[in-house]
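Trainee: Could you have a look at this structure, given as structure tokens, before my questions?
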Amino acid sequence: MVATQEGLSKLLERAATFSGPVVFLTGAGISQESGIPTFRGAEGYWRVGSKNYHPMELATFAAYSELREEIWGWYLYRRAVCAHAEPNLAHRAIAALEQHLGDGLLLITQNVDGLHLRAGSSRARTFEIHGDINRMRCEAACSDETFEISSRLIRDPALEKQAESYAPSGEELQLLRCPRCGGNARPHVLWFDEYYNEEHFRFESSMRAAASARLLVVIGTTGATNLPIQIGRLVAARGAPLLVLNPEPNPFSDFAEQCEGVFLQGTAGALVPDVCTAIAESLGGRR
């Protein structure tokens, strides 16, 4: 099911009969066009000594507990890649639409790269459900507070891609300690052996957004993680308008088919700016 422009217009007409926010849900596909490799792709592998690790082996608290400095090295590498990338047209179009809709737009992102915020999306209306690679928090959870990682820890992503190139020095490890209690800090990300919560990952807020959305726009995600799938399933069960933008069909395009939604096949950069313009014209004065 690939929709035409006419199908999009009809979907937005139906969205105009609902109240509530326009909710965007974004995944790795939107940032891939900024040069950030997808997390599960071949470029996600990481060498520690002579062994290559798959990201799913490293992105766990268990791995961090055994390989703290090596895992920090991996995150410093990934952070360097993100820091050297720039928001693209899709990021900027969503930020511009938020300026137009105000509280009528909420953004739920699976991406930890911070590009939405750098494009101008507000932190208050952006739910980073997998965390932020630019922040850290106390490993021992002395508080729920998160802290910006020092700019002194920005690496050159062109260094050889292995743990030895990015592992923090003893002096730098002091910058990776909790400012409150002095204990070890950890990356502020959701690992595979951890659970969503409200304090760090806006779980309840995201589900409330899905329960009240007048329109859900899903961009560049395969639907491989739990909370995004719950969001799509809830919107489809409500029969609310669902718009999916992705290069290939995915579970969200199946949800769209169930609730008379729309699937537009293509890249975020090619589709999102025009979609945001259409939403502004159709829903800009209605909340």
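Trainee: How many residues are closer than 23 Å to residue 224 by Cβ and in contact with a Gly (Cβ under 6 Å, 6 or more places away or on another chain) if we restrict to region 167-200?
Mentor: Within region 167-200, residues that are closer than 23 Å to residue 224 by Cβ and in contact with a Gly (Cβ under 6 Å, 6 or more places away or on another chain) number 3.
Trainee: If a residue must be acidic (Asp, Glu) and touching a residue at least 24 places away in the same chain (Cβ under 8 Å), how many such residues does region 190-216 contain?
Mentor: Total meeting the criteria: 3.
Trainee: If you don't mind, another one. Look through region 19-40, keep the residues that are open to solvent by less than 10 Å² (accessible area, probe 1.4 Å) and closer than 21 Å to residue 205 by Cα, and return whichever of them is farthest from the chain's Cα centre (by Cα).
Mentor: 22
Trainee: Going through 261, 284, 266, 223 one at a time, which residue ends up being over 16 Å from the mean Cα position of the chain (by Cα) and on the phi > 0 side of the Ramachandran plot?
Mentor: None of the others qualify; the one that does is 266.
Trainee: Moving on to the next point. Restricting to region 119-145, give me the number of residues that are closer than 14 Å to residue 202 by Cα and surrounded by 15 or more Cβ atoms within 10 Å (Cβ to Cβ).
Mentor: 8
Trainee: Among the residues of region 250-259, write down those that are open to solvent by 20 Å² or more (accessible area, probe 1.4 Å) and in contact (Cβ under 8 Å) with a residue 60 or more places away in the chain.
Mentor: 257
Trainee: Looking at region 94-118 only, could you name the residues that are more than 25 Å from residue 175 (Cβ to Cβ), open to solvent by 20 Å² or more (accessible area, probe 1.4 Å) and either assigned to a strand (DSSP E or B) or free of Cβ contacts under 8 Å to residues at least 40 places away in the same chain (or both)?
Mentor: Matches in region 94-118: 99, 106.
Trainee: Could you list, in sequence order, all residues of region 206-249 that are part of a loop (DSSP other than H, G, I, E, B), hydroxyl-bearing (Ser, Thr, Tyr) and open to solvent by 20 Å² or more (accessible area, probe 1.4 Å)?
Mentor: Answer for region 206-249, where residues must be part of a loop (DSSP other than H, G, I, E, B), hydroxyl-bearing (Ser, Thr, Tyr) and open to solvent by 20 Å² or more (accessible area, probe 1.4 Å): 222, 225.
The values are calculated or read from the model by the stated rules, or taken from the named source; none is laboratory data. Computed from a predicted model, the values in this text were never measured in an experiment. For neighbour counting, all protein chains shown are included, and Cβ atoms are generated from backbone atoms with ideal geometry for every residue, glycine included. Areas reflect the complete protein model, heavy atoms only, side chains present, ligands, DNA and RNA absent. Shrake-Rupley method; radii C 1.70, N 1.55, O 1.52, S 1.80 Å.
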